[in-house]
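Taking it in order: structure first as structure tokens, then the write-up.
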Amino acid sequence: MEPLLSVRGLKTYFYLDEGTVKAVDGVDFDVFPGQIVGIVGESGCGKSVTIKSVLRLIQNPGRVVEGEILFRHQDEDGREKTIDLAQLDPHGKAIRSIRGAEIALIPQEPMASFSPVHTIGDQIMEAVLLHQDVSKEEARRISIERLHEVGMPNPEQRMKAYSWELSGGLRQRAMIAMSLACNPRLLIADEPTTAIDVTTQAQVLRLLLDLQEQHNMAVIFITHDLGVIAQIADFVVVMYLGRVMETGPVEDIFFHPQHPYTKALLESIPSIYAPAGERLPTIEGSIPHPFSRPSGCPFYPRCKAFMPGVCNTSTPQLKPINDRQAVSCFLYD
Amino acid sequence: MTQYIIKRLLLLPLLLFIFSVFAFFIIQAPPGDFVTSYIAELAASGSSMDQAQVEALREQYGLDQPMIVQYFRWVGGMLRGNFGVSLDWKRPIMELIKERLLLTVLLGAMTFIISWSLAIPIGIISATKKYSFIDYFFTVFNYMGVATPTFMTALILMWLAYSYFGVSVTGLFSPEYVDAPWSLARAMDLLKHLWLPALILALDGTARLARVMRANLLDELNKPYVEMARAKGMSEWRLVLKYPVHLAINPLVSTIGWYLPMLFSGSVIVATVLNLPTIGPLLLRSLTNQDMFLAGVIVLIYCFLAIIGTLISDVLLAWLDPRIRMEA
Ligand SMILES: Nc1ncnc2c1ncn2[C@@H]1O[C@H](COP(=O)(O)OP(=O)(O)OP(=O)(O)O)[C@@H](O)[C@H]1O
Ligand SMILES: [Mg+2]
């Protein structure tokens, strides 16, 4: 099967007066149709920048400087054609016809991502009307149906509500309804559950899983929470400082982690089996400042398996180590 | 919404009462009264009055009564449409200010329209094209607009118009219409003259407004809802005009209220330079001559316009921003 999205060697830099922030510095991953890919990594490792690059939403002074973003585009007659999103004009018609229609985004901050002075109905209808050639009444009907589908009580009345009148959970549901407005083939959810409480979190995850199944979408699910990844993802991409450290099916990542960073990350999850009073292991050291990134492997200053003269001189590349997992580490060269 | 407007309207008489007391006592504050300055004037020209004449004059204008009585006579008269007589001009105040008031409001409205229709697009273009040539161009233009005293702009434009086009741009009417009764021809003549002083007065406000619009919009452009609109596939111009511009204008709407009164007092020098028959110069003269009844009426009209202006901007704001509507 061919991947729906294939990112190769993606680099996105921000050119600031103080220097260049290499927010994404060589990222590769694939998303297959109907698959849920979890991207996991600590705050600031470039998860959001990666997916914004895919949608070509990076604004000045940032730029996608290198790499391919190959997407299986489907035209109106259902014919498929692979296009490189990295080559498109970020303000052009081509990318705009894909955004929201074929690739939809659930943003990190649902509260601030709705306009506070427009009703949610207005904003969902707009998403429908942008890509579908339907009348206003029809768009309204579709919007209400979507709200109903995401479990919004009284969807018809809620069309008139403003985002700040809704609770966190309902707001996130409205946001999901808006993303699904045009039946996207790829849904990108950027930490969709961090802004809401734990119980609601579980409900929203459940909802996303159900919708994914019904619409047979592919999903990129971003989080820094490995617990959430375990619940939802089929395939995992582990990121650190703008690079992919390890990829693999979720069972392999959890039961046979290969990269020292993945191992460290897994050890830092609190376990209910740990003896009481034992200190939670944390990853030694802190994430380097974006302007002073180490040369070589970005993780070596914190790595237990650091090999002087190797890890700090050249950068390891992501290579398959078996038919499921790929790792970017000199231990496997 | 309707309830909100009614609530605000009910407050109006109370506010007017407070302001009328305020206006009255401010006017009363300086030592002496009109008669005192009249005597001084007479003395300067060599003649004088005896004490009996002075008392008679004071009695005639009610200046011998206690303050409270003077106040109620003043307010009572105004409620019956009698604004009193100007001691200085020896003419009914109503007659003095009627046309000037109309012209001032017209000039204010015109100035407002010009400055908003220039400043908002300038602010939008500068913000969306931040640090481009056009942004720098407008920045320089704005600083010049803020830094140049308005009366100087007026003088320069007057000189340019006179020396290159041979036209005199002072006043709001051509000479033959100055004292003519209102007619269509006179109104057309007014329109022909109104735009230049309005433009001069607008320049200063335009510059400030454009700066604020630019700053507000720059803030809004970084908000997640803008990125979300992009992620939906909206075109850049459409989304900018629909979302961030709407939110960036809201705070500006609340400044509409002070527009007219600010223009009233701020335009005194320009009105003098350009010889505009507006209220500003009249107020200045009434204050220097201690013509308290005239000054009081004008100050009260200022307050009234400020209240009406604030009401309009509050209603507009509530209409534009549902969050404010909910609070109200
Ligand atoms: N507009 C920008 N200008 C400059 N630097 C930026 C910009 N946006 C992101 N960065 C930098 O890029 C890096 C990656 O940021 P990103 O938002 O992708 O992190 P993240 O993995 O999504 O983190 P989080 O879990 O906190 O959302 C950070 O170092 C950040 O400082
Ligand atoms: Mg993020």
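The values are calculated or read from the model by the stated rules, or taken from the named source; none is laboratory data. The model shown is predicted, which means the values in this text are computed figures rather than measured ones. Using ideal geometry, Cβ is built from the backbone for each residue, glycine included, and neighbour counts are taken over all protein chains shown. These area figures cover heavy atoms from the full protein model, side chains too; ligands, DNA and RNA do not enter into them. Shrake-Rupley method; radii C 1.70, N 1.55, O 1.52, S 1.80 Å.
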Among A:Pro184, A:Gly248, A:Ser292, which residue has its Cα positioned farthest towards the positive end of the charge dipole of chain A, with +1 placed on the Cβ of Lys and Arg, -1 on the Cβ of Asp and Glu, and the dipole taken about the Cα centre? A:Ser292
Return one number: the angle in degrees, 0 to 90 and rounded to the nearest 10, between the long axis of the Cα atoms of helix B:279-288 and the longest principal axis of the Cα atoms of chain B. 40 degrees
Under a 1.4 angstrom probe, counting protein chains only, how are B:Leu241, A:Leu180 ranked by accessible area, largest first? B:Leu241, A:Leu180
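Taking all protein chains in place and a 1.4 Å probe, what share, in percent, of the accessible surface of chain A do carbon and sulfur account for? Could the numbers behind the result be given before it?
Working: 7580 of 15140 Å².
Accessible surface attributable to carbon and sulfur in chain A totals 50 percent.
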Per-residue accessible area for A:Lys52 at 1.4 Å probe radius, Å² rounded to 10? 60 Å²
Lys and Arg at +1, Asp and Glu at -1: add these up for the other residues within a Cβ distance under 12 Å of B:Pro322 and post the number. -1
HN-Hα J couplings of the range B:126-135 from phi, Karplus 6.51/-1.76/1.60, θ = phi - 60°, integer Hz, Gly and Pro as x? 4, 6, 6, 10, 3, 6, 8, 4, 5, 5
Using only Cα atoms, tell me the angle between helix B:184-221 and the longest principal axis of chain B; keep it within 0 to 90° and round to the nearest 10. 50 degrees
Counting all Cα-Cα pairs in the range B:106-145, those more than 10 Å apart amount in percent to 70 percent
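Let me have the 222 nm mean residue ellipticity of chain B computed from DSSP H runs of 4+ only, each contributing -39500 (n - 2.57), with the sum over all residues rounded to the nearest 500.
Calculated mean residue ellipticity at 222 nm is -25000 deg cm²/dmol.
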What is the extension gain from A:Gln74 to A:Asp17, computed as 0.36 nm multiplied by their sequence separation minus the C-alpha to C-alpha distance, in nm to one decimal? 16.5 nm
Equivalent ellipsoid dimensions for chain A as semi-axes, Å, which come from the Cα gyration tensor, largest first: 35, 23, 19
Divide the volume of the convex hull of the Cα atoms of the protein assembly as shown by its number of residues and quote the answer in cubic angstrom per residue. 258 Å³
Using Cα atoms only, what is the angle between the long axis of helix B:2-28 and the major principal axis of chain B, expressed in degrees (0 to 90) to the nearest 10? 40 degrees
Please sort A:56-65, B:299-308 by packing, taking for each peptide the average over its residues of neighbouring beta carbons within 10 angstrom, highest first. B:299-308, A:56-65
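Please give the calculated 222 nm ellipticity per residue for chain A, where each DSSP H segment of at least 4 residues contributes -39500 (n - 2.57) and the sum is spread over every residue; nearest 500 deg cm²/dmol? Could you put the intermediate results ahead of the total?
On the way: 11 runs with 99 residues, N = 333.
Estimated from H runs of four or more residues: -8500 deg cm²/dmol.
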At 1.4 Å probe size, put B:Phe173, B:Phe112, B:Phe25, B:Phe133 in order of accessible surface, largest to smallest. B:Phe133, B:Phe25, B:Phe112, B:Phe173
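Can you compute the FRET efficiency between A:Thr315 and A:Glu251 using 1/(1 + (r/R0)^6), with r the Cβ-Cβ distance and R0 = 41 Å? Round to the nearest 0.05. Intermediate results must be reported in sequence, preceding the final value.
On the way: r = 29 Å, r/R0 = 0.70.
Efficiency, from the Cβ-Cβ distance: 0.90.
What average number of partner chain Cβ atoms lie no more than 10 Å from the Cβ of the residues making up B:240-251? Mind showing how you got there, number by number?
Values: counts 0, 0, 5, 6, 1, 0, 4, 4, 0, 0, 1, 0.
Mean inter-chain Cβ contacts per residue within 10 Å come to 2.
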Interface size B-A, as summed buried accessible area [1.4 Å probe, Å², nearest 100]: 2300 Å²
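Between B:Arg58 and B:Val105, what's the calculated FRET efficiency when r is the beta-carbon distance and R0 is 41 Å? Round to 0.05. Please report the intermediate quantities before stating the final value.
Numbers: r = 36 Å, r/R0 = 0.87.
So, using R0 = 41 Å, E works out to roughly 0.70.
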Starting from the Kirkwood radius over alpha-carbon pairs of chain B, derive D by Stokes-Einstein at 25 °C in a medium of 0.890 mPa s and give it in µm² s⁻¹. 106 µm²/s
Which value, in debye to the nearest 20, gives the size of the charge dipole of the range A:105-199 about its Cα centre, when Lys and Arg are +1 and Asp and Glu are -1 at the Cβ? 140 debye
